[in-house]
1. Looking for something under 19 Å from Gln118 (Cβ atoms), surrounded by fewer than 14 Cβ atoms within 10 Å (Cβ to Cβ) and either among the charged types (D, E, K, R) or touching a Cys at 6+ places or on another chain (Cβ under 7 Å) (or both) - is there at least one such residue anywhere in region 20-42?
2. Evaluate region 63-86: report whether one residue or more is closer than 30 Å to Met1 by Cβ, at pLDDT 95 or above, not basic (Lys, Arg) and not in a helix (DSSP H, G or I).
3. Just checking, which of Ser76, Ser94 is more than 16 Å from the chain's Cα centre (by Cα) and not basic (Lys, Arg)?
4. With respect to the numbered conditions (1) out of contact with any Pro (no Cβ under 8 Å at 6 or more places or on another chain); (2) under 18 Å from Ile115 (Cα atoms); (3) without any contact (Cβ under 8 Å) to a residue 40 or more places away in the chain, which one is the sole condition not fulfilled by Ser61?
5. Residues that are among the charged types (D, E, K, R) and at pLDDT 90 or above: list the helices (runs of 4 or more DSSP H) wholly contained in region 1-46 that include at least 3 such residues.
6. Show the residue pairs that are 6+ apart or on different chains and have beta-carbon atoms under 6 Å apart, the first residue being within region 28-43 and under 14 Å from Ser126 (Cβ atoms) and without any contact (Cβ under 8 Å) to a residue 12 or more places away in the chain, the second being assigned to a helix (DSSP H, G or I) and not polar (S, T, N, Q).
7. Do you know which of the residues in region 70-112 that are β-branched (Val, Ile, Thr) and within 16 Å of Leu46 (Cα to Cα) is surrounded by the most Cβ atoms within 10 Å (Cβ to Cβ)?
8. All but one of (1) assigned to a helix (DSSP H, G or I); (2) over 21 Å from Arg2 (Cβ atoms); (3) without any contact (Cβ under 8 Å) to a residue 24 or more places away in the chain; (4) not aromatic (Phe, Trp, Tyr) hold for Lys117, so report the exception by its number.
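The values are calculated or read from the model by the stated rules, or taken from the named source; none is laboratory data. For clarity, every value in this text was computed on a predicted model and none was experimentally measured. Because the Cβ atoms are built from the backbone with ideal geometry, glycine has one as well, and the counts that use them run over all protein chains shown.
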Amino acid sequence: MRKEQITNLRPTIPKAELTEGISEIEKFQNTALRQIIKFQHEVILLVFSSYARKIHKDWGSLSNEKKEAFIESVMSKNQQLKNQYIGIILGLLSEEEIEFYQNNSSEINRRITQIIKQRVQTNLGSI
């Protein structure tokens, strides 16, 4: 029952390719991670906005180049923020997906962080 409820929440992403020959991790990324990240879009931006404004009181007046550099730095160095994002995503995985995650956590965490970093950078105007 939980699996159906969770998967029903996820938006479909027509561009998420499931071609033959892709790795299991790519398939997982396209069938679970990208959908959950899209569903959690507002939460992801809210978390980053709150963090950025706490660190940079003048966040709104920074240039886009400085904002992008800050995002790049934070998403590569701040383990606490990365773990928060990973938790936001993992909470919406099914039991089977959690099992797959446990066996591939390093690579999946890297992919989650990368996708979220790109999402935050492309939505600077909303932060």
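1. yes
2. no
3. Details: Ser76 fails: more than 16 Å from the chain's Cα centre (by Cα).
Criteria check complete, one pass: Ser94.
4. (2)
5. On the way: elements: 2-9, 24-28, 34-39.
Here the list reads 24-28.
6. Once the first residue is under 14 Å from Ser126 (Cβ atoms) and without any contact (Cβ under 8 Å) to a residue 12 or more places away in the chain and sits in region 28-43, no partner that is assigned to a helix (DSSP H, G or I) and not polar (S, T, N, Q) comes close enough.
7. Taking the candidates together, the pick is Ile89.
8. Checking Lys117 against (1) assigned to a helix (DSSP H, G or I); (2) over 21 Å from Arg2 (Cβ atoms); (3) without any contact (Cβ under 8 Å) to a residue 24 or more places away in the chain; (4) not aromatic (Phe, Trp, Tyr), the one that fails is (3).
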